[in-house]
Amino acid sequence: MSAQHPAFTPLSELGDFTERAPDEMAADAKAFLADIKRRHTIRDFAPTPVPRAVIEDCIAAAGRAPSGANLQPWHFVLIGDQTVKRKIREAAEAEERAFYWRRASAEWLEALAPLGTDENKPYLEIAPWIIAVFAKRRADGERGEGKTYYMHESVGIACGFLLVALHRAGLATLTHTPNPMGFMNDLLGRPASEKPYMLIVAGLPAADAKVPEHALRKKPLGEILTVI
Ligand code: IYR
């Protein structure tokens, strides 16, 4: 089968690209860096409500992420319902008990120790919103039911967009990956073709929220970058 001839729209017609002077570019890059340095994963959330529309716009931003063959292999379930949040907490804590008490290797537990995490996940009930992210193994919509490509990379990028959008909206976040996460499909009514990918907890930090010292130690640029 020969490929369909692709149609294009000139970028200039979209009006979405604005050329900026180098000093403006540099200032924007520095401003973004300064802002993203203010993002910290926290586990102590306030029960303060956050408007659903704010989270929905952030999820819409996540949906603008690039993806393999533009198949957008993601689905987001936004949970604010107290009963469902409690069910997620209970299921996640059951998995975490198995992880911390049996499954995790000594090496893994040692790597986690400086974060001070354990099997208790009260924030899953306290924070106003949980976003459950699913990765679609099969395409849908106008592209039929074929497979998706670069699913992990695509959904990872979308989650990155989402975390930045939530941060820019003034919210604190926690990425949580109970292991295994199969319970999410049952609980949230998602098909088996979708892989539970991540829970993102979003809300305002509690007044006494703490950040582990360990998490503040980010590698300097010189350690993560090679320029050729
Ligand atoms: N899922 C567990 C353990 C955990 C694993 C990693 I890797 C972390 O960076 C943090 C926690 C939990 O949520 O406690």
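Which whole-number percentage describes the relative contact order of the chain, with Cα contacts under 8 Å and a sequence gap of 6 or more? Display every interim value, and only then the final one.
Working: 295 pairs, mean separation 70.6, N = 228.
Relative contact order comes out at 31 percent.
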What size of dipole, in debye to the nearest 20, comes out for the chain about its Cα centre when the only charges are +1 on Lys and Arg C-beta atoms and -1 on Asp and Glu C-beta atoms?
360
Exposed chymotrypsin sites (Phe, Trp or Tyr not before Pro) absent: longest stretch of the chain, with sites in DSSP loops and at most 10 other Cβ within 10 Å deemed exposed
18-228
The chain, Gaussian network, Cα under 10 Å: of 41, 117, 173, the residue fluctuating most is 117
Say the dipole of the chain comes from +1 at the beta carbon of Lys and Arg and -1 at that of Asp and Glu; which of 18, 91, 164 then lies farthest toward its positive end?
91
Please compute the modelled spin-label separation between residue 106 and residue 214, points set 7 Å along Cα→Cβ, answer in nm with one decimal.
1.7
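Can you give the FRET efficiency to the nearest 0.05 for residue 57 and residue 16, using r as the Cβ-Cβ distance and R₀ = 22 Å?
Working: r = 18 Å, r/R0 = 0.82.
E between residue 57 and residue 16, to the nearest 0.05, is 0.75.
Counting other Cβ atoms within 10 Å, which GluC sites (Glu not before Pro) in the range 52-149 have at most 15 and lie in a DSSP loop?
Details: sites: 56, 90, 93, 95, 96, 107, 110, 119, 125, 142, 145; in loops: 119, 145.
When the GluC sites (Glu not before Pro) of the range 52-149 are filtered for loop state and at most 15 Cβ neighbours within 10 Å, 119, 145 remain.
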Radius of gyration, Dmax [the chain; alpha carbons; angstrom]:
19.9, 61
Which of 160, 15, 203 moves most in a GNM of the chain, Cα contacts under 10 Å?
15
Two pseudo-spin positions, 7 Å from Cα along C-beta at residue 26 and at residue 64, lie apart in nanometres by 2.8
For the range 40-217, what proportion of DSSP beta bridges, expressed in % and rounded to the nearest 5, is antiparallel?
95
Starting from the Cα-Cα distance between residue 223 and residue 9, subtract it from 0.36 nm times their residue separation and give me the gain in nm to one decimal.
73.0 nm
Could you go through the range 163-177 in sequence order and give the Karplus-derived ³J(HN,Hα) for each residue, using 6.51 cos²θ - 1.76 cosθ + 1.60 with θ = phi - 60°, rounded to whole Hz, and x for Gly and Pro?
4, 5, 4, 5, 4, 5, 7, x, 10, 9, 9, 9, 8, 9, 10
Which residue fluctuates the most in the chain, going by a Gaussian network model with Cα springs under 10 Å, if the choices are 20, 64, 89?
20
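When the helix-only estimate is applied to the chain (DSSP H runs of n ≥ 4, each -39,500 (n - 2.57), divided by the residue count), what is the mean residue ellipticity at 222 nm, nearest 500 deg cm²/dmol?
Numbers: 10 runs with 90 residues, N = 228.
That calculation yields -11000 deg cm²/dmol at 222 nm.
We did not get these values from a lab; they are worked out from the coordinates using the rules stated. Being a predicted model, the structure only gives us computed values, none of them experimental. Don't worry about glycine lacking a Cβ; one is built from the backbone with ideal geometry, like all the others, and counts go over all protein chains shown.
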